[in-house]
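I have placed the structure first, in the form of structure tokens, so that the comments after it can refer back to it.
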Amino acid sequence: MSTPKQPIVIGVLAERAARERRVALIPVDIKKLNGAAAFLIESGAGQESGFSDNAYLSAGARIAASREILENCDLIVKVRAPRVDEVPRAGSILVSLGGHDLDLGERLRQRSVIHLALERIPRTTRAQAMDVLSSQASIAGYASVLEGARALNVLLPMLTTAAGTIKPAKMIALGAGVAGLQAIASARRLGAVVHGFDVRAAAREQVESLGARFLSVDGNSGTGEVAGGYAREQSSDQQSLLRRALAPHLATMQLVITTAQIPGRPAPLLIDRETLDLMQPGSVIVDLAAETGGNCEVTRPDEIVTVGGVLVMGPTDLPSLMATDASRMFSGNIRALLAHLLDGSGRLNLDASDPISGALLAGQSPPHAHGVAA
């Protein structure tokens, strides 16, 4: 009689990127997956997000050093891509963000490591519970309003006091995807007069359903949508026309949240210096596309740039500011993904014909490693 294969061994590494406080899997989700896999957790991996080593031990995981995890795990889970000195062993699988990092891709190929990049999760109903980009974008949209409000020198809500009446601030979200819609909802709760804009015509109904005003501008045909619900990349001339059409409207806003991004491409330029010159001193722009080049011409990742009294913020760590709930959501996505990929015997079934597995593999051949079924 053949000896049954042991369940796959999954490792969770601590995050080492600057300002990154999230953890990829939390104890409650490990407990739900226990039996389907064995888990090794790097000591202190959940500390910054409020999950102790003891909580992981109680969930059935084992605490281990990073080197042991890198050398012995069949699959490793992280939020952000590993550093150069953290490449997993040959034949293993990495699940993390970083799908657009060409250097990382080459480094992993040289080590025969399969990268299931979380950016490749398809935007389908079936994969919705696994979509980390959407879950984290929702948190970023909420946090962007709080950070912007903190930097403003005016209040968001209207106040009527014995000293007089303060008018509500005007806010706009450029891009009405997950982050933009959450920013709109959050600013509405805080009492601002809220507007939304998107090149996709379908976004109007979503913006207005949140009680915001949809900004219509000349030159926007409303046909800028591709498969998966993403915005279509516009030509340089189209972007220029859009910037000029948006400029007079942005000049009336105190808080601008920009969220426009194109998967795998630089972020579209929506606000140039000419527009900044029209805006009121004390206005604040929070650019959520800072990591991919920014929607504003002067955006610098993780810096605040001031131009003519207008503050331009380029945060890249907003979900990490709410590390506990961000980790809960990220971990829930990973649990749903692992539940989809693991078969009944605790082996990882990477079927290239499956729409989700195939998208994650992106042409990579799954390794014939312990605990992995190709």
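The values are calculated or read from the model by the stated rules, or taken from the named source; none is laboratory data. Here the structure is a predicted model, which means the values were calculated and not measured. Note: ideal-geometry Cβ built from the backbone for every residue, glycine included; neighbour counts use all protein chains shown. Just the protein is used for accessible areas: all its heavy atoms, side chains included, with ligands, DNA and RNA removed. Shrake-Rupley method; radii C 1.70, N 1.55, O 1.52, S 1.80 Å.
In a fully extended conformation the segment linking SER58 and ALA163 would gain 32.2 nm over its present Cα-Cα distance, using 0.36 nm per residue. How much net charge surrounds GLY332 when only other residues with a Cβ under 12 Å from its Cβ are counted (Lys, Arg +1; Asp, Glu -1)? Its environment carries a net charge of 0.
DSSP beta bridges confined to the chain are antiparallel in about 20 percent of cases. Electrostatic bookkeeping for ALA359 treats Lys and Arg as +1 and Asp and Glu as -1; over the other residues with beta carbon under 13 Å from its beta carbon, the sum is -1. Averaged over its residues, region 84-242 has an accessible area of 49 Å² per residue, based on protein heavy atoms and a 1.4 Å probe. Accessible surface for HIS115 stands near 10 Å², nearest 10, in the context of the full protein assembly shown (1.4 Å probe). Per q in 0.11, 0.17, 0.20 1/Å, what log10 I(q)/I(0) does a Debye calculation on the alpha-carbon atoms of region 301-368 return? Normalising to I(0) and taking log10 leaves -0.52, -0.78, -0.88. Rg/Rh, computed from the Cα trace of region 75-163 with Rh as the Kirkwood radius, has the value 1.25.
Full extension of the chain between VAL28 and ALA245 gives 73.2 nm of extra length, using 0.36 nm per residue less the Cα-Cα distance.
What longest region of the chain stays clear of trypsin sites (Lys or Arg not before Pro) that DSSP places outside H, G, I, E and B and that have at most 15 other Cβ atoms within 10 Å? With a cap of 15 other Cβ atoms within 10 Å, the longest stretch comes to 233-374.
When you restrict to C-alpha pairs under 8 Å that are six or more residues apart and normalise by the size of the chain, the relative contact order lands at 18 percent.
Quick check: at a probe of 1.4 Å, how many percent of the accessible area of the chain sits on carbon and sulfur atoms? Carbon and sulfur together cover 51 percent of it.
Computed extension length for ALA65-ASP272: 69.8 nm, one decimal, from 0.36 nm per residue of separation with the Cα-Cα distance subtracted. Summing charges over neighbours of PRO301, with a neighbour being any other residue whose Cβ is under 12 Å away from its Cβ, gives -3 when K and R count +1 and D and E count -1.
Across all C-alpha atoms in the chain, the radius of gyration and Dmax reach 22.5, 86 Å. Measuring gaps between exposed loop sites in the chain (GluC sites (Glu not before Pro); DSSP loop; at most 16 other Cβ atoms within 10 Å), the longest gap, sites not included, is 1-232. Computed per residue of the chain from DSSP H runs no shorter than four, each worth -39500 (n - 2.57), the mean residue ellipticity at 222 nm is -9500 deg cm²/dmol. Computed over the chain with a Gaussian network model linking Cα atoms closer than 10 Å, the most mobile of ALA140, ALA162, ALA17 is ALA162.
When the Gaussian network model of the chain links Cα atoms closer than 10 Å, the mean-square fluctuations of GLY44, GLY177, GLY211 top out at GLY211. With a simple spin-label model that places each label point 7 Å from the Cα along the Cα-to-Cβ direction, the separation between GLN47 and LEU321 comes to 2.5 nm.
When its C-alpha radius of gyration is set against 2.2 N^0.38 Å (N residues), region 28-142 gives a value of 1.13. If R₀ is 51 angstrom, what is the calculated FRET efficiency for the pair LEU155 and THR125, using the beta carbon separation as r and rounding to 0.05? It comes to 0.80. Kirkwood-type hydrodynamic radius, region 1-92: 13.5 Å, calculated from all non-identical alpha-carbon pairs.
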